[in-house]
Amino acid sequence: MIEIVNKKIEAYLESLSPAKDAVLKEMEALAYRKNFPIVGPLVGKFLHQLARIARANTVFEMGSGFGYSTYWFATAIPFSGFLYHTDKSAVNSKLAQEFLRKGRQMNKVRFLVGDALELLGETKGTFDIVFIDIEKEDYPAAYEKAKKRVAPGGLLIADNALWSGRVLEKTADEATEAVKKFNHLLATDKDFLHTIVPLRDGLSVNYKLK
C-alpha cells in the first residue's frame, strides 16, 4: 500500500475546511472509535460540492454505512429532492436514521436494507447521482447496473478507486482486480467523461454524456 495524498497535505486541506456541524463531528468520532470506514471530511465535502454543481435532486447510494456520505449528500440536495440510503445492516440503517433525524434531513432520505445491487434494481427511473461504495469485488457488477440508472448529465461516483495504491499491482487479490476492472470499464465507456481524483483513496467521478 502507498500513500495517495501526503499526510501533511491532507492535514493542510482539512485546515482550510470550514467548521463542521455537530452531527458530522459525532459521526466521525463514532467511525474512529469503531474503526469503521467512512469517506472522511475532504471527500464528504467534495461529494456535497459535486451534488450542488450538478444541481442534483435524486441520489442513489450503493452502500451507505451508518450514513456519513448520506448526510453530506442530503445537505446538498433541495427539500424537494430525495436520496436512497442502502446498507446490508439493519443496525447501520437505524444509526443512519438517528443521525439524519438529528440533522433534520430525514424528509429527504429513503432507507433500504439489503444488497445494494438488488435494491437498485427494485427502484424505478434514473438518478442525478449514483454513488458506489460497496464491497470492491462487486464494483464491476455495480458499474453494469448503475450506468443505466444515471440520467444524462448526471454523475456516477465511486470511492476507493485507487485502493491504497494496490491498483498498481500486476497480479493481485480479487478485490483489487475488481477495482482495476471497474476503472478500465469507465475509462473506456464512451457514454462517460471519466476522471479519478487522487483525493484520499481515489474518487472516480464520471459525467454521463447520454
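Values in this text are rule-based calculations from the coordinates and carry no lab data. Keep in mind the model is a prediction, meaning the values are calculated, not measured. Please note: Cβ atoms are built from the backbone with ideal geometry, for glycine as well, and neighbour counts cover all protein chains shown.
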Which of the lysines could a cross-linker bridge to residue 210, judged by Cα under 26 Å and excluding same-chain residues fewer than eight apart? 124, 145, 147, 148, 180, 181, 190
Rounded to one decimal in nm, the spacing of the 7 Å Cα→Cβ label points at residue 193 and residue 11 is 3.6
Run through the DSSP bridge list for the chain and note the antiparallel percent, rounded to the nearest 5. 35
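Considering every Cα-Cα pair within the chain, what fraction, in whole percent, is farther apart than 28 Å? Please list the in-between numbers first.
On the way: 4941 of 21945 pairs.
Counting every Cα pair in the chain, those more than 28 Å apart make up 23 percent.
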Taking max minus min of the Cα coordinates of segment 10-79 on each principal axis, largest first, gives extents in Å of 33, 27, 19
